[in-house]
1. Which of the residues belonging to the range 55-109 are more than 22 Å from SER127 (Cβ to Cβ), surrounded by 14 or more Cβ atoms within 10 Å (Cβ to Cβ) and either of a type in the set (Phe, Trp, Tyr) or in contact with a His (Cβ under 7 Å, 6 or more places away or on another chain) (or both)?
2. Between a first residue in the range 55-71 that is farther than 18 Å from TRP96 by Cα and a second residue that is at pLDDT below 75 and surrounded by fewer than 16 Cβ atoms within 10 Å (Cβ to Cβ), which pairs have beta carbons less than 6 Å apart while being 6 or more apart in sequence or on different chains?
3. Quick check, is SER38 loosely packed, with under 15 Cβ neighbours inside 10 Å and either among the hydrophobic types (A, V, I, L, M, F, W, C) or modelled with pLDDT under 80 (or both)?
4. Could you please let me know if VAL185 is within 12 Å of the chain's Cα centre (by Cα) and outside any loop (DSSP other than H, G, I, E, B)?
5. For the range 138-182, which positions are exposed (fewer than 15 other Cβ atoms within 10 Å of the Cβ), of a type outside the set (A, V, I, L, M) and in a helix (DSSP H, G or I)?
Amino acid sequence: MDQASAENPHGPPPASFRGVDVAGWLGEGWRIFRTAPSAFVVSTAIILVVLLMAREFPLLFGLALRPLVLGFYLVVDDVASGRPFGPSRLFKGFSWFFPCLAADLLITIFTTVGLVFLVIPGLVVASWYLFTWLFMMDRGLGFWGAMEASRGVARNDMTGFFLFFLAIIFINVLGALCLVVGLFVSLPVSAASVYAAYRASAGLKTMGAQPERVI
């Protein structure tokens, strides 16, 4: 990533960005998954167990979900970077708990408003914020800065990123239909594909850096 991109996360994509590549990003997600499938299966199992334990408490379920997703991205980054897998990485996502909570609330509101105007606008809005969590971790941005940075990247090709978002949804629907067992593949491949898309569209800076305490 060039100097300008590193200093301005809201600016243009890196020089290596060649546009949205749905098939290529999904293929890279699959390649990352195949690098260490056991790490991803264990990570998925831990997340599902935690969420199942919290299912009787909707508030607790909601509060735990997004930080665990962030932790999953840290596992993806470890595997993609050749670092050893450690289950504790899944819980590092709670370092971004309050920015996550604020971003989740706003994205839910924006998406719901979009859904009021039929399903497609709501999904389009949701696709704008696909990289919010990665911008938080990689650039140390607060919740609003991460949301705006994600939307700024999506504006480069809104149709392409929307189709990529739909592909991610489709993969996980298939995973759920495969007697849920498919989620042990679809969830990691989806996360790895989003990571690959972020890396190609925005460029990695310092994944896992401590977040700004701005909410």
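The values are calculated or read from the model by the stated rules, or taken from the named source; none is laboratory data. What you see is a predicted model; the values in this text were computed from it and never measured. As a convention, Cβ positions derive from the backbone with ideal geometry for all residues, glycine included, and neighbour counts pool all protein chains shown.
1. Residues satisfying the conditions are PHE61, PHE85, PHE91, PHE94, PHE97, PHE98.
2. ARG55/PHE61
3. no
4. So VAL185 does not fit the description; no.
5. Within the range 138-182, THR159, PHE170 meet the criteria.
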